[in-house]
Amino acid sequence: MSGSHKTIRCAVYTRKSTEHNLDLEFNSLDAQREACEAYIKSQLHEGWRLLSQRYDDGGISGATLVRPDLQRLLADIRAGKVDTVVVYKVDRLTRSLTDFAKLVELFDAHGVSFVSITQAFNTTNSMGRLTLNVLLSFAQFEREVIGERVRDKVAASKRKGLWMGGPAPLGYASQDKKLVVVPEEAETVRWIFRRYLELGSTDRLLDELRQRSIRTKVQNRSDGQTRGGIAFRKGTLVHLLKNRCYAGEIAHRGEIHAAEHAPIVDRETFDAVQARLAANRTARTARLKASPFLLTGRIYDSAGYRMSPVHTGKKGVRYRYYASQALLQANRDQAGQVSRVPAPEIEAAVLGCVRGRFGVWGAPSQDRDLIEAHVWKVTVRAEVLEVVLLDPTAAAGDPSGASQTQTVMLDWVRKPYVAVKGITHAPSEGRQNDLRARDGLLTAIGKARLWVEELVAGGSAATIAKREGKGERQIRLLLPLAFVPPKMVQDLVAGSGPVPTVSDLARKVPLVWPT
């Protein structure tokens, strides 16, 4: 009788959310598998056969599909090695409706059925799918309720100043779920705070930390591995200086609570360090705004290294570039496809993209504001610029999802460079001259627009001339530039077409714009 049935290859999948009791000789995974094997044996007359491979994920949450043995099972399904997946309960496979929908789609695509031995349903009909969705809705609800309870407990514990675990900061050790001061490390922390106030610079302090071989705290993990024990970097140093644990406080979701552990740094020193950090941050912002480099902090090479502003000079002319940090730190082999690019060319391309896509036009003095408002990141590749633009409809701030950004690929070809007496230049001086002429013309158009607005508001050409250091007649000759057609301005920004001189364009501004 059994010979009339097709052999159905059954794979048993088991999962346990925590590692508790997994070291027992007979644990929860074994119990689930034993029950599933018994069910498969009861279906021998239908041709069911148990596969020898085990798919067991212990200590992994069902909130994600990133589980080693689940991924191995899915790979075997794609390879046509499985006909039926058997689990003890549906939530052993997943607790997410979205993830379950993905799994069912995969099962259907490969003709695989799904069985939960403690919940009777059949995924091949609509009623079975409805039953599954109801069960998974409750499983997802249970997971979300558990998450809310955990978050509420953490918030309540931190309001009481309790340490909620995690890596202990330098100066402390975790004992019985509490932070206790490590005297030797605590003295190092106090010295770092005092020395920062004396030097006033994280860069200079980093140099001293390296000279004294002061390193980050060594963290021993539960799996026997260690982390830390490396030289301080700017980010880790600033994080240490801003860590409120050292002042005997705990921060949670913007609120500050008094902690039960002992402080290492006195309140006066801690507050003075925070004030100095804030002042340095403000000064750095001001320096960036005064810099001619518009993409500082936003431009990277294809290997992920930040590209920093550099310049060289020749015959009284300063040439601006962006250079990869890998190149500047003598690690040329680690740099991306392009390690050095001319700044004006890259900035003009990005600004043209912003203006063309968002329809924003303004004087060159507003270029930095346009970049800050619309550009999140620029990656320089050999034949393309990858520009990540901020979605103007999204909330301000760091974009946290793809819906808040859009990526644009701009055609760009790296031009060869030649070295002349140790100074690297682009070989085409004509191209550099065109860029400078275009930038100068766009600057003049932007200024003319501002002058016209000032005159309409009651200003005078004499006042403008005095402020600009020009003759009043020259101001009047340049005013027609305010009425250059938008299409012509757009072509200038995009770099298409010839670049006329400022005086020629001012004399030939069309009285009627083409439609």
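The values are calculated or read from the model by the stated rules, or taken from the named source; none is laboratory data. Note that the structure is a prediction, hence the values are computed from the model and not measured. Every residue, glycine as well, gets a Cβ built from its backbone with ideal geometry; the counts of neighbours run over all protein chains shown. Just so you know, the surface numbers come from the protein's heavy atoms only, side chains and all, with ligands and any DNA or RNA stripped out. Shrake-Rupley method; radii C 1.70, N 1.55, O 1.52, S 1.80 Å.
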Just checking, which of Leu241, Leu277, Leu295 is over 30 Å from Arg159 (Cβ atoms) and touching a residue at least 24 places away in the same chain (Cβ under 8 Å)?
Leu295
Answer with yes or no whether Leu492 is aliphatic (A, V, I, L, M), under 29 Å from Ala382 (Cα atoms), open to solvent by less than 70 Å² (accessible area, probe 1.4 Å) and at pLDDT below 65.
no
Every residue in segment 453-470 that is surrounded by fewer than 17 Cβ atoms within 10 Å (Cβ to Cβ) and either among the polar types (S, T, N, Q) or touching a helix residue (DSSP H, G or I) at 6+ places or on another chain (Cβ under 6 Å) (or both), please.
Ser460, Ala462, Thr463
Failed condition for Met307, given (1) under 22 Å from the mean Cα position of the chain (by Cα); (2) surrounded by fewer than 18 Cβ atoms within 10 Å (Cβ to Cβ); (3) not in a loop (DSSP other than H, G, I, E, B)
(2)
Among the residues of segment 446-467, is there at least one that is in contact with a Pro (Cβ under 7 Å, 6 or more places away or on another chain), closer than 27 Å to Val378 by Cα and modelled with pLDDT of 75 or more?
yes
Cβ-Cβ below 7 Å, separation at least six or inter-chain, first residue in segment 448-475 and closer than 19 Å to Val509 by Cβ, second part of a loop (DSSP other than H, G, I, E, B): which pairs?
Arg449/Ala363; Leu450/Ala363
The correct count of residues that are assigned to a helix (DSSP H, G or I), open to solvent by 80 Å² or more (accessible area, probe 1.4 Å) and not β-branched (Val, Ile, Thr) in segment 244-298 is 9
Per the filter on segment 231-243, residues polar (S, T, N, Q) and assigned to a helix (DSSP H, G or I) are Thr236
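Tally up the residues in segment 324-351 that are of a type in the set (S, T, N, Q) and assigned to a helix (DSSP H, G or I), please.
So the count comes out to 2.
Let's see how each residue does on (1) of a type outside the set (D, E, K, R); (2) over 22 Å from Thr18 (Cα atoms); (3) part of a loop (DSSP other than H, G, I, E, B):
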position	(1), (2), (3)
Asp56	no, no, no
Ile60	yes, no, yes
Val85	yes, yes, no
Lys102	no, yes, no
Val115	yes, yes, no
Flag if Ala272 is touching a residue at least 12 places away in the same chain (Cβ under 8 Å) and in contact with a strand residue (DSSP E or B) (Cβ under 8 Å, 6 or more places away or on another chain)
no
When segment 202-243 is examined, which residues are found to be under 16 Å from Arg276 (Cα atoms), open to solvent by 30 Å² or more (accessible area, probe 1.4 Å), in contact with a helix residue (DSSP H, G or I) (Cβ under 8 Å, 6 or more places away or on another chain) and at pLDDT 90 or above?
Val238, Lys242
Consider Lys314 against the criteria (1) more than 30 Å from Arg244 (Cα to Cα); (2) surrounded by 18 or more Cβ atoms within 10 Å (Cβ to Cβ); (3) not hydroxyl-bearing (Ser, Thr, Tyr): it satisfies all of them except one. Which criterion is unmet?
(2)
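Do we have Lys447 as open to solvent by 30 Å² or more (accessible area, probe 1.4 Å), among the basic types (Lys, Arg) and under 18 Å from Gly352 (Cβ atoms) here?
no
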Sole residue being part of a helix (DSSP H, G or I) and surrounded by 19 or more Cβ atoms within 10 Å (Cβ to Cβ), chosen from Asp69, Asp30, Asp91:
Asp91
Scope segment 157-176; condition out of contact with any strand residue (DSSP E or B) (no Cβ under 6 Å at 6 or more places or on another chain), surrounded by 11 or more Cβ atoms within 10 Å (Cβ to Cβ) and not in a loop (DSSP other than H, G, I, E, B); matching residues:
Ser157, Ser174
